[in-house]
Amino acid sequence: MDKALVEARAAADRGEVPVGAVIVAPDGRIVAAAGNRTREMNDPTAHAEILALRTACAEAGSERLPDHDLYVTLEPCAMCAAALAAARIRRIYYGAADPKSGGVAHGARVFTHTQAHHVPEIYDGIAAQEAADLLRAFFAARRDIKE
């Protein structure tokens, strides 16, 4: 999660919502690391999880990552959760909960639906305070700029 937090801080420095993600291979190597780039890429799908999935799948030479784990600083949204299910990611470890836009424990709860093709193991609250503090500081600074 430390590397995901580094990616989240880098995203904030770029003016992006500070979310970072890493994907870890079965041997413990980080095979992908990314932070949000939706503004930079003018792409609403350029969430940290999606970018990390793209890199990890390219490295694996497969659209599936059944033995890989994702660490992400914020609860994945419904779009990201669906992509993680499609990739057959083994485990998701996330930091801060996202009651407004989350798709795992909140909102759409993607993995609870009978249509979910794959349900990864979920572990929440990993470095949650640090991840939440990054988000709060980012949005507080944005509010100060507008005032």
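The values are calculated or read from the model by the stated rules, or taken from the named source; none is laboratory data. Bear in mind that the values here come from a model prediction, so they are computed numbers and not experimental data. FYI the Cβ positions are ideal-geometry reconstructions off the backbone, even for glycines, and counts take in every protein chain you see. In case anyone asks, the SASA skips ligands and DNA or RNA and just uses the protein heavy atoms, side chains included. Shrake-Rupley method; radii C 1.70, N 1.55, O 1.52, S 1.80 Å.
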How large is the accessible surface per residue of the chain, computed with a 1.4 Å probe and reported in Å² as a whole number? 51 Å²
If you line up the Cα atoms of the chain on their principal axes, what length do they span on each, largest first, in Å? 46, 30, 28
What angle do you read, to the nearest 10 degrees and between 0 and 90, between the alpha-carbon axis of helix 48-60 and the longest principal axis of the chain? 30 degrees
Protection proxy ranking of 2-12, 34-44, 69-79 - average other beta-carbon atoms within 10 Å, highest first: 69-79, 2-12, 34-44
How big is the dipole moment of the range 11-69 about its Cα centre under a simple scheme where the beta carbon of each Lys and Arg is +1, that of each Asp and Glu is -1, and everything else is neutral? Debye, nearest 20, please. 120 debye
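What's the local net charge at A46, with K and R +1, D and E -1, over the other residues with C-beta under 14 Å away? Can you show the working numbers first?
Details: positive: R14, R37, R39, R54; negative: E7, E16, E40, D43, E49.
Neighbourhood net charge equals -1.
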Heavy-atom accessible area of I126, protein chains in place, probe 1.4 angstrom, given in Å² to nearest 10, is 60 Å²
